[in-house]
1. Express the relative contact order of the chain as a whole percentage, based on alpha carbon pairs under 8 Å and six or more residues apart in sequence.
2. Kindly work out what percent of the DSSP beta bridges joining two residues of the chain are antiparallel, to the nearest 5.
3. How many percent of the alpha carbon pairs in the chain exceed a separation of 29 Å?
4. Could you give the dipole magnitude of the chain about its Cα centre, charging the beta-carbon of Lys and Arg +1 and that of Asp and Glu -1, in debye to the nearest 20?
5. Treating the angle as unsigned and between 0 and 90°, give the value, to the nearest 10°, between the Cα long axis of helix 272-287 and the longest Cα principal axis of the chain.
6. Using the Cα atoms of region 91-140 to build a convex hull, what is its mean projected area in square nanometres?
7. Enumerate by residue number the trypsin sites (Lys or Arg not before Pro) in region 19-54 meeting two conditions: DSSP loop (anything except H, G, I, E, B), and at most 11 other Cβ atoms within 10 Å of the site's Cβ.
8. Using only Cα atoms and rounding to the nearest 10 degrees, what angle (0 to 90) does helix 215-224 make with the longest principal axis of the chain?
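The numbers here are math on the coordinates, done by the rules we state, and not lab data. What you are looking at is a predicted structure, and each value in this text was computed from that prediction instead of being measured. All Cβ positions, glycine included, derive from the backbone under ideal geometry; neighbour counts span all protein chains shown.
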Amino acid sequence: ATPMSIISGVGRAAESGVLVRDADALQRASTLDTLVFDKTGTLTEGKPQVVAVETTGGIDAAEAVRLAAALEQGSSHPLARAILEKADTALPQVNNFRTLRGLGVSGEVDGRTLLLGNQALLAENGIDTGALDAQLQAHAAQGATPVLLAVDGQIAALFAVRDPLRADSVSALQRLHRAGYRLVMLTGDNAVTAQAIAREAGIDEVIAGVLPDGKADAIIKLQGQARQVAMIGDGINDAPALAQADVGIAMGGGSDVAIETAAITLMRHSLMGVADALAISKATLRNMK
Ligand code: ADP
Ligand code: MG
């Protein structure tokens, strides 16, 4: 095991757009068997768009968009951008705005109490979503994320938001599959949407509905099954999982916190970089034996 060959491995990685923090990281990368991917912004483009607005009839679609967009002005979540893009009118003022991490947002507009977010958020507030359940299931089965709006404690509207897979995600994952890795998706999104996207992507296992604080725990669980785990992510909320994994890999263009935490950073925003990084680590360590 010569330090020189490791150094040249780190150099080769850099040439293909993969920044490796230190020799140890390259060594650990050569013995991985399980790759865990964040969904939003890692497998997907991270530029979600509203593809449908369904309402219960209590309010019309334009009013639903106006209220939801007003709330999302206070949020930096990718879903917030999608809903804001849909609004083309002046937005009303929001009082008592709150971000509910991993669930959604809440606030008051025109004296009405609004909740906007996932099924867990509405369930937590005892709101019956039955009036829109059929539409919710149908959109989720197509891989869209359902964002629900409740007005004064009643379900009022559903936004179906689609975030397509990155163009080369499927081929990169196929390459990783052929190399023998088990592929896992880790997401705060709901299980039905996550399964639909996982099927399209060729992912083996889905861990869905994970709150931001639960991502690192999910990695610990996999490690407890004697797996050598890499986490691949782009967001601030991925940082604890990137730190916990045997190797953390940050997507280029992701949050600074993710990049600072990760042992490996991809300069390109493409999963092909993951396949390149792991192939180089294996080739480097093989040469040393
Ligand atoms: P992820 O990045 O994997 O989607 P998050 O923990 O950021 O995970 O969010 C989990 C879920 O919480 C989202 O899929 C969405 O349903 C809901 N959510 C979070 N923030 C918002 C928001 N600002 N507006 C609407 N829904 C939200
Ligand atoms: Mg992400």
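1. 25
2. Numbers: 31 of 49 bridges.
Antiparallel bridges make up about 65 percent of those DSSP assigns within the chain.
3. Working: 15680 of 41616 pairs.
It works out to 38 percent of all Cα pairs.
4. Using Cβ point charges on Lys, Arg, Asp and Glu, the chain gives about 1180 debye.
5. For helix 272-287, the angle is close to 20 degrees.
6. Numbers: hull surface 17.4 nm².
One quarter of the hull surface, i.e. the mean projection, equals 4.3 nm².
7. Details: sites: R21, R28, K39; in loops: R21.
Sites meeting the loop and neighbour criteria: none at all.
8. So the helix axis and the longest Cα principal axis differ by about 40 degrees.
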